[in-house]
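Colleague: Have a look at the structure that comes next, please.
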Amino acid sequence: SLSKLQLKTGDLDPRLFSRLRHLQKLDLSDNLLDKFPNSLTLPDLRVLNCNNNKLEDVTALKQFPLLEELTYENNVYLTLNDDYKVMFLLQNLRLLNGKDITKLANHVRRVNSRKLTSKARCVTAHWEKFFRDQLPEKYTAEQVKSIKKKFLKSVQTNVVYGPSSLSEFTRWRVKMIAEELLACSLGLELNTDTEPDENMDENEEESTESPREAAEDVGQVGAFFSYMNNVTVTPSKRKRNNSKAGSGNKRSKSQANTEEETEDVSAEPLHFLQCHSKGNSREDFKTQLWSCVFEPLLDCGARKDPIVSSSRTVATCGGESVCLIDCETGTVLKKYKVATEEFFSVAWTTLTMVISDSRKKAHNILAAAGRRGIVKLIHVAADFCYGEIKAHKKPIATVCFSPIRETHLFTASYDKRIALWDIGIPDCDYNFKASQLLVLEALSIPLRIALVPTCPDQYLLAGCEGGCFAWNIKLDKEQKSRPFEATFQFPDEDGGVTTSHRVDGLAFLNDDVVVSKSSKPGCIYLWSWNRSFDSKGKGCQRTLSAIILAELEWSTTDLSYLTLSTCPAKEYVFCGDETGSVWMYNLSNCTTAWSSTKGKRSDRRIPPTQILKWPELRGNGEQLTEVLINNVVSDPTFTYLVVLTSVNITAIWKKS
């Protein structure tokens with residue numbers, strides 16, 4: 001027994017352990033181990049206890065081939081995928097975490113392996129089609145290394161199999177098959193490094209639900225995939241209400257061109273997911289989906305995902321659940337549920353946490369909030385909701401983190417207040433302290449909030465039920481409860497100006513250009529923050545005219561809460577409508593002219609670059625109609641477009 005000795009990985013000296021050739025039972029519980037050294041040997045080890053450590057990988061356990069009993073409970077970074085790995089690697093294992101896994105292990109080793117081995121044809125075909133010709137007849141070791149790396153990354157992305165909860169395990173097995181192909185058929189050296197070579201972050205795969213709940217939900221989602229995949233995806237036949245953006249040109253399956261189209265975006269539909277159903281019901285086409293945001297990338301060293309070079313994991317919320325989705329594969333990586341909640345908003349931040357022995361590690365934290373006025377804080381990699389903040393007594397409409405202060409969270413509520421919180425950084429036992437720093441008083445319910453990019457610690461802009469407002473949020477002031485500093489006037493339908501109108505869409509396109517959508521039908525405004533707001537002006541509650549740069553042509557609907565988003569890196573604006581269509585605007589040709597202080601307002605409305613039409617989908621045999629697009633968000637590089645609907649469908653499009 002070496003339990004409770006504060007042992008770290010470096011304390012397990014292979015020179016000592018390799019002499020213990022007859023050791024059968026080893027207790028390493030309640031220590032600080034983050035992995036196993038590869039050369040402990042222990043050829044006769046039968047029982048191993050690793051409970052309450054910091055283990056991040058299990059593949060090194062294959063050095064104990066006679067192991068029969070293994071426990072590693074309370075290692076927060078290990079998931080269901082790791083259970084499957086040890087069952088595959090350890091042929092004699094019969095007890096895992098105190099449970100008899102004999103039947104399941106046989107299934108994993110035989111049935112699952114047979115199915116995966118059948119994928120060898122796909123792996124071989126992938127090599128033949130895309131990589132064989134890249135290898136010259138006479139090649140150097142460096143060329144082999146390069147093409148092997150590219151092939152392994154590509155094959156794990158493109159050869160997909162199995163339920164979402166086991167996607168990391170099956171990708172691990174696909175990588176094995178690919179390496180065997182390279183070694184046996186092609187004579188390329190097999191990777192014999194038993195360290196977790198460029199593994200995907202294994203903590204991003206398993207649901208936060210119990211295994212039984214997770215299995216039920218994966219089955220439900222998988223069933224939906226099966227009949228959705230048999231649907232013919234065609235353009236919707238509905239017409240836009242009196243919109244002049246459409247043309248008589250024939251449209252492709254996934255796109256609609258306008259008369260003044262400037263380019264072909266060529267976005268193709270990838271997945272249509274029903275993963276927010278109440279009670280996992282297949283009949284639920286009523287749950288509204290409201291918010292989605294892409295996960296920030298982390299550089300996790302050896303555990304960095306070798307396949308994802310840009311963010312493709314998105315958090316979505318609606319109804320009682322929050323989901324994490326891999327946009328490329330369509331797999332639901334995790335699902336977090338609160339039966340009495342209706343989630344309206346999610347936001348990411350990256351906290352540097354102390355994990356053990358004063359070591360620091362960056363982790364992504366997800367904040368989720370909604371009807372109960374409570375913010376849930378979720379450590380995604382650990383599948384753990386570690387805390388909550390009772391932020392408001394009324395529902396929270398939206399949340400966002402400061403881009404420069406990672407612990408600062410803004411919450412906008414139906415109580416007509418926007419609060420700034422410091423959520424703190426949890427310690428290794430997830431103890432944390434949250435504190436309220438500021439309260440911004442609004443005259444009406446704040447619907448959308450945005451921090452000014454050039455001074456995110458000084459000014460906040462909010463679209464509210466009763467107009468568009470700005471607050472000074474500098475913390476060097478003593479006043480903790482503040483009225484708005486300015487309200488903005490916009491053109492009204494009668495040719496005049498007004499400050500009283502619902503602003504349900506708000507985002508910055510770049511450091512200066514604000515995109516906002518108001519209750520004026522058929523119009524999205526682009527206006528200049530710098531020219532509209534005079535930071536040197538005196539006094540609070542000033543009325544300022546929004547300096548309009550252009551108007552975007554949009555649907556003539558008078559429905560509210562169909563919000564917009566921007567992709568600043570690509571200078572795109574996205575907004576859905578009441579017919580299931582997504583309007584996309586490429587404004588790269590306009591922003592240079594607007595940046596000039598003498599830039600004039602465009603005389604005409606700018607039509608959409610392209611409109612993605614809602615395809616004809618059938619759920620439970622019936623066509624889904626009356627689809628509202630509540631939100632549309634792209635990843636930072638505009639590779640994926642995630643569309644949230646009023647009918648419990650998350651649609652994912654990919655730019656070709």
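Colleague: What is the distance, in nm, between label points placed 7 Å from the Cα along the Cα-to-Cβ direction at D457 and at L7?
Modeller: 4.6 nm
Colleague: Accessible area per residue for the range 9-97 in Å², computed with a 1.4 Å probe and the full protein assembly in place, what is it?
Modeller: Values: 3710 Å² over 89 residues.
Per-residue accessible area for the range 9-97 comes out at 42 Å².
Colleague: Further, regarding this structure: So which of K175/K654; K4/K99; K335/K655; K175/K433 end up more than 31 Å apart by C-alpha? Please report the intermediate quantities before stating the final value.
Modeller: Details: K175/K654 25 Å; K4/K99 24 Å; K335/K655 26 Å; K175/K433 43 Å.
Exceeds cut-off: K175/K433.
Colleague: Here is a further query. Roughly what % of DSSP beta bridges within the range 5-154 run antiparallel, to the nearest 5? Don't jump to the answer; show the numbers that get you there.
Modeller: Working: 2 of 10 bridges.
Looking only at bridges with both residues in the range 5-154, the antiparallel portion is about 20 percent.
Colleague: Relative to the Cα centre, what is the charge dipole magnitude of the range 9-97, using +1 at the beta carbon of each Lys and Arg, -1 at the beta carbon of each Asp and Glu, and rounding to the nearest 20 debye?
Modeller: Details: 10 positive and 13 negative charges, 78 e Å.
Dipole size: approximately 380 debye.
Colleague: Right, another one. Round to the nearest 0.05 the FRET efficiency obtained for K25 and K361 when R0 = 45 Å and r is the Cβ-Cβ distance. Each step should come with its number before you reach the end.
Modeller: Working: r = 32 Å, r/R0 = 0.71.
Efficiency, rounded to the nearest 0.05: 0.90.
Colleague: Between E268 and R110, what is the label-point separation in nm under the 7 Å Cα-to-beta-carbon projection?
Modeller: Label at R110, label at E268, 3.9 nm between them.
Colleague: Next up: So for D603, D44, D534, what's the accessible-area order with a 1.4 Å probe, most first?
Modeller: Largest to smallest exposure gives the sequence D603, D534, D44.
Colleague: Further, regarding this structure: With an 8 Å Cα cut-off and a minimum separation of 6 or more residues, compute the relative contact order for the range 445-593 in percent.
Modeller: On the way: 328 pairs, mean separation 26.6, N = 149.
With pairs under 8 Å counted, the relative contact order is 18 percent.
Colleague: Calculate, for the range 341-492, the solvent-accessible area per residue in square angstrom, rolling a 1.4 angstrom probe over the heavy atoms of the protein chains.
Modeller: On the way: 5730 Å² over 152 residues.
Solvent-accessible surface per residue comes out at 38 Å².
Colleague: To continue, here is another question. For the range 9-97, which whole percent of the accessible surface, found with a 1.4 angstrom probe, sits on carbon and sulfur atoms? The partial results should precede the final answer.
Modeller: Working: 1760 of 3710 Å².
Here it works out to 47 percent.
Colleague: What order do Y414, Y525 take when sorted by accessible area (1.4 Å probe), most exposed first?
Modeller: Y414, Y525
The values are calculated or read from the model by the stated rules, or taken from the named source; none is laboratory data. What you are looking at is a predicted structure, and each value in this text was computed from that prediction instead of being measured. Note: ideal-geometry Cβ built from the backbone for every residue, glycine included; neighbour counts use all protein chains shown. Accessible surface areas use protein heavy atoms only, side chains included; no ligands, DNA or RNA. Shrake-Rupley method; radii C 1.70, N 1.55, O 1.52, S 1.80 Å.
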